[in-house]
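The values are calculated or read from the model by the stated rules, or taken from the named source; none is laboratory data. None of the values given here were measured: they were computed from a predicted structure. Glycine also receives a Cβ, built like all others from the backbone with ideal geometry; neighbour counts cover every protein chain displayed.
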Amino acid sequence: MHIDKRLDKKSILKKTAQFGGITLLSRILGIIRDMLLARFLGIGIKSDAFIMAYRIPNFLRRIFAEGALSASFVPVFIRKVKNKELENPNGLMTISFLFFEGIVFLLCLFAILFPGLIFKLIAPGFSQEQLAYAIPSLRILFPLIFFISSSALLAGALNAVNHFFVPALCPALLNVVWISALSISIKFNLSIKFLCYSILFGGFLNFLVHLIVYLKYNFSFGFIDRQAKDAFKLILSKFVPSLLGVSVIEINLLIDTFIGSFLPSGSVSILYFAGLFVNMPIGIFAVGFATVLLSQFSRVVVYAPKRINFYILEVTKFITWLIMPIMLFLMFVSEAIFSILMLGKKARFHDIFTAKWVLIVFSVGLVFFCLNKILVNIFYSLHDTKSPTIALVFSTIVNFLGNLIGIKLWGIFGIAGSTAFSAAVLTFLLIKFLHKKHNFKFYSPSFFNFLGRYLVQLLIASLIFLISYFTFFRFLQDSNWYNFFYASWGYWFIVFPLAAICAAFLFFTKKLFGIKLYFLGK
């Protein structure tokens, strides 16, 4: 176990690319999965019920397992082993597994016995008809969190030895199970219960793969000694406040769903589907980048803490450079996403219009969503869980109040806007706390100098895209191919190559515009 192996910038980018590439595969499979789901259930009472039943354990997975657990476990694990304060890391894993999975097991029992109570808390606006569909699905799906959270704990040890492949690959495996089950359900007109049991089986496979790789790295489960108990106390002290701090998107989306349950049927489904496409770049780029950098930050604060200033600036520049074009692209193709990809023949004009604008409004906060994933990890590498928790509580209150105001003024669009705004508030607070509590600086002049140059470059790239796009369709206007390329699957054969050309322009003209990015080597 080479726990203290350092990562240079090339290694960081390589690991991020590896993580992000596998996650991209998973997200593409996720699009296929949700396209089939939308066509299987449509948008209405059944889709709202199933999506809510799935989102409850999925929400707990992201908060209780992948987020807080990794953020508290990995830094402590690395520090204890590196400093030789922990001779038996297997004992630490054993006590962590028994404690956390014991809690998850109790949560599963509660959900199976009292599903109605959970829906009263999470979706109080659901009708009796929606609950009749949702409760049986929740009883089957909730144990999924046991397998996924167990996998997340094992993944924490794998991340500590710079192994990111399997934790990134397993979501793709789960999506393959989803797609297979949905395809069979559509073909043979099976019930939602078959889909739920299939998803649960996919979670078990996820856990099994993690366990095999965990054991191959010479980890195991062992005797719980005094050192393991002391290390676990430190993890626990950081885990409890981390429950809020690492899960801003999930908490705010849950609030969105809570408020959305009072809207007409189909609203929960639209918020879910729009949120999936916003989460796609977050999962591919920000989560992968944050996962790789968490272990790096944990080392930097030991060896050269002042270098965090540099990392804050360069991470902000890199995420801005990477995500802004994606944000604009999502906005541009938002209508096609729902009319061509997601709904197909079941598409209704009102559903397409609503989903399109919800996605556009969500996308406004995309850069902030991504930055928050990474900024929070800086605090956890500093073993500071209090500051991000305070910041999150404040931004969550902002989101909740914004939802209450927004739903009255703009309905479902007010919910999406409030979420995006609260993400920007959180970013501001996190940077402010880093400065106030840890004396870190954000080099604003350097960032805004970069931003000004980049906006000019991005404007030119956008003009290249738009001119090429409208010229192509004007050329095809009187052609028999027009409908295929404009309102069918051929549309993606146009917009993706154009987007790739613009991405290449942004990459290869960086030097021309004076844009320097540390993580790209220039």
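Observations on the structure shown:
- Pairing each residue of region 423-438 that is more than 19 Å from residue 310 (Cβ to Cβ) and assigned by TED's automatic domain parsing to the domain that holds residue 309 with any residue that is among the hydroxyl-bearing types (Ser, Thr, Tyr) and surrounded by 19 or more Cβ atoms within 10 Å (Cβ to Cβ), provided the two are 6+ apart or on different chains, yields C-beta distances under 7 Å for 425/395; 426/395; 429/395.
Per-residue answers, yes or no, for (1) closer than 17 Å to residue 314 by Cα; (2) surrounded by 11 or more Cβ atoms within 10 Å (Cβ to Cβ):
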position: 437; (1), (2): no, yes
position: 448; (1), (2): yes, no
position: 451; (1), (2): yes, yes
position: 466; (1), (2): no, yes
position: 471; (1), (2): no, no
position: 480; (1), (2): no, no
position: 500; (1), (2): no, no
position: 508; (1), (2): no, no
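- Single unsatisfied condition, residue 215 versus (1) out of contact with any Lys or Arg (no Cβ under 8 Å at 6 or more places or on another chain); (2) at pLDDT below 90: (2)
- Selection count, region 155-181, where residues are small (Gly, Ala, Ser) and either farther than 16 Å from residue 28 by Cβ or without any contact (Cβ under 8 Å) to a residue 12 or more places away in the chain (or both): 5
- Flag for residue 382 being surrounded by 14 or more Cβ atoms within 10 Å (Cβ to Cβ) and in the same structural domain as residue 517 (by TED's automatic domain parsing): no
- Restricting 290, 347 to those that are among the hydrophobic types (A, V, I, L, M, F, W, C) and more than 18 Å from the chain's Cα centre (by Cα) reduces the list to 347.
- Among the criteria (1) in a helix (DSSP H, G or I); (2) within 24 Å of residue 377 (Cα to Cα), the one residue 441 does not fulfil is (1).
- Which numbered condition residue 465 fails, given (1) among the hydrophobic types (A, V, I, L, M, F, W, C); (2) modelled with pLDDT of 95 or more; (3) in contact with a His (Cβ under 8 Å, 6 or more places away or on another chain): (3)
- In this entry, residue 210 is excluded by the filter for residues that are more than 19 Å from the chain's Cα centre (by Cα) and at pLDDT below 90.
- Elements of type helices (runs of 4 or more DSSP H) in region 120-200, at least 2 residues being aromatic (Phe, Trp, Tyr): 144-160, 165-188
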